[in-house]
Structures are given as C-alpha cells and as structure tokens.
1. Dipole magnitude of the range 1-76 about its Cα centre, charges +1 at Lys/Arg Cβ and -1 at Asp/Glu Cβ only, in debye to the nearest 20?
2. For a quick size check, give me the Cα extents of the chain along its three principal axes, largest first, whole Å.
3. Projected onto the charge dipole of the chain (+1 at Lys/Arg Cβ, -1 at Asp/Glu Cβ, origin at the Cα centre), which of Cys116, Pro7, Val49 gives the Cα projection farthest towards the positive end?
4. If you roll a 1.4 Å probe over the range 1-92 with all protein chains in place, what percent of the accessible area is carbon or sulfur?
5. In deg cm²/dmol, rounded to 500, what helix-only [θ] at 222 nm does the chain give when every DSSP H run of at least 4 residues adds -39500 (n - 2.57) and the total is split over its residues?
6. With an 8 Å cut-off on Cα pairs and a minimum separation of 6 or more residues, tell me the relative contact order of the chain in percent.
7. Work out the length of the dipole vector of the chain about its Cα centre, built from +1 on the beta-carbon of each Lys and Arg and -1 on the beta-carbon of each Asp and Glu, and round it to the nearest 20 debye.
8. Can you count the Lys pairs in the range 21-73 whose Cα atoms are under 21 Å apart, with each pair 8 or more apart or on different chains?
Amino acid sequence: MPRGRPPISIAYKHNNPIVPIRVKGVGEEVELEAYVDSGATFSLIPKRVARSLKLEYAGETSVITGKGKSTLKLYRATINFLERDFKLIVAGQDLPKQSPIKALVGRDIMDEFKVCFDGKKKELEFIE
C-alpha cells in the first residue's frame, strides 16, 4: 500500500499550538500566525485582512462562545497551510488587540489531517 507524506511536526510557539498560514486574496496574500483550535468549526481571520484582500463576502452565521451568542461575517478564502491550498468559507473577526493570536485554524482544515497535540513535547503532528 502506498504511503502518504511523512508526518509533519510543528513546535509550539510561545507555549501554544500556533502555526503559520497564508491567506490568499485578489492579487496578494498575507501571512498570519494562527492558533490551532480543535473546538472551532470555522477557521478565522481578522475582518480587516478579509477586507484588504478583497475576499468575497459569503453571509453571516451565529456562533455560541464563552461570551455568549455572536454573529460572524463569512468570506470565501484560500488558505495555504502545509503547502496545500484550502478553498474555504472562513469567519472574519478581529480578535482583541491584547491577544497574541490573530487567526484560528479550525476543523475545516484540521479534518483533512490526523492531528496530534503533544503537550509534553510542545508540538503538533499532522498526518495526511
């Protein structure tokens, strides 16, 4: 049986599961550090990035968070992660300025991999 790519390990950054992603827009792209969030249904990018890249608006959705019910704007985006392009509907939300995290990788991308959060080694492992 042919084997896929070998597992890809990414060390935690600042003691958290943070990975680099690239958001592709109309004629340009932006690199962001994104928190890998197994509880997030959608990947999330800053709303200002969605606007500056001229991403197509795709509606709104309501989500329940620790703060209660919120409405998020949705955008069609191409996210490059681990050398693969994912064409997705992403949430656009500016996180608090004091937050070191500006974006989230959600289940929409994670479900394409087997993902291991190794808290002891402080690393993530992605297997296709």
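The values are calculated or read from the model by the stated rules, or taken from the named source; none is laboratory data. The shown structure was predicted, so the numbers you read here are calculated from the model rather than taken from an experiment. Note that each Cβ is placed from the backbone with ideal geometry, even for glycine, and that neighbours are counted across all protein chains shown. Quick note on the areas: whole protein, heavy atoms, side chains included, nothing else; ligands and nucleic acids left out. Shrake-Rupley method; radii C 1.70, N 1.55, O 1.52, S 1.80 Å.
1. 80
2. Principal extents (largest minus smallest coordinate, Cα): 42, 33, 23 Å.
3. Final value for the positive-end residue is Val49.
4. 50
5. Helix-only estimate at 222 nm: -1500 deg cm²/dmol.
6. Normalised by residue count, the contact order of the chain is 33 percent.
7. It works out to roughly 300 debye.
8. Here the count comes out as 7.
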